[in-house]
Amino acid sequence: MRQVKLGLWGAEVSELCFGSLAVSPLQGRLTETEGVNVLRYALEQGVNWIDTAEIYDNYKQIASAIKGYPDVLIVSKTYAVSAKEMRLSLEKARTALNRETLDFFLLHEQESALTLRGHAEAWEELMRAKERGIVRWIGISTHAVAGVRAGALQPGLDVIHPILNYQGLGIVDGNLQDMLAAISFASELGIGIYAMKIFGGGHLTHDPKKAVDFVRSIPGVQAMALGMSSREEVDYNLLLLSGKDIPTSLQDKVRHRERKLYIADWCQGCGRCLEACPQGALHLSETVAVVDPEACILCGYCGRVCPHFCLKIV
Ligand code: SF4
Ligand code: SF4
């Protein structure tokens, strides 16, 4: 698999990063063991880094998967605001992943300079952790153009994980051109960039080659995280990235698996999921939550706030 360097001073990694949201309890598609098996299969095929987050709640799963793979790099993310919360997040990750040193640690879903200012204490603590050798590279993930621009100017930042796909789906504050300009700005500063949601949360899977080729064509974007929840999806993505033909039988198994957000009929209409959706894809109709499938990128973030466990990606 193609190896890349993340930015001017970043890690050497495979072009494909395993997006582990797809195997995590947050999305609830697989059991923990099934997820471990898919992760291990991808590592055996040469994927050498895994993207997770504290809210995915799958550190234990990843710790099992990476046994025997000490060189696999892990990215995690936190919503920590204060220094104390950041310390707790770092310790939780170190303990649960059984790693003295964390590879990448990011602030999750930073939307703008304002959001980053609100997390200033946590960021400073993260920089101290980097100085002390507890973390090797630090950064942010974002669905926003302003997040990329602000992240690029954040002191000590090494890596940005932005949303990027050829239709600009899921960008919360601008269009594709705005995002490309922001990415170009960040990459000129030497920052490593790996893209998320390159298939637009499932909306662009009808032409996966176009989706991959687009991301590869953007100067300054070195890698991409793809969610995978089966061995077939791992095989499919590896063939896709290698430019080899994908057997029709494999295409049939993978490409036509439409996914959607399922909202259980016991929804109480409390509205908490609406606030948690970064895409504004949910609204209340009468007294139940309703999703706009065109706007939903299947991130699963709404599911974690529902007190009645109504929301699931199926
Ligand atoms: S509705 Fe839920 S899964 Fe869809 S984009 Fe919003 S938070 Fe993500
Ligand atoms: S959080 Fe759950 S109960 Fe509340 S509106 Fe959303 S789906 Fe319904």
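Each value in this text was obtained by applying a stated rule to the coordinates, not by laboratory testing. Computed from a predicted model, the values in this text were never measured in an experiment.
Values for this structure:
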read-out	value
Too-long pairs where the Cα-Cα distance tops 21 Å, listed order kept, from LYS5/LYS253; LYS92/LYS130; LYS209/LYS253; LYS60/LYS84	LYS5/LYS253; LYS60/LYS84
Within region 1-108, percent of DSSP bridges classed antiparallel, to nearest 5	25
Between region 137-204 and region 1-17, the Cα center-to-center distance that results, in Å	17
The chain, helix-only ellipticity at 222 nm - DSSP H runs n ≥ 4, -39,500 (n - 2.57), divided by all residues, nearest 500	-10000 deg cm²/dmol
Cα gyration tensor shape for region 94-244, rounded if a/c is under 1.5, else prolate or oblate	oblate
Beta bridge orientation in region 3-255: antiparallel %, DSSP, nearest 5	10
Mean Cα-pair separation over length for the chain, i.e. relative contact order, pairs under 8 Å, 6 or more apart, %	17
Global form of the chain, assessed from the alpha-carbon gyration tensor, a/c cut-off 1.5	rounded
Cα shape, region 170-298, gyration tensor, a/c 1.5 rule	oblate
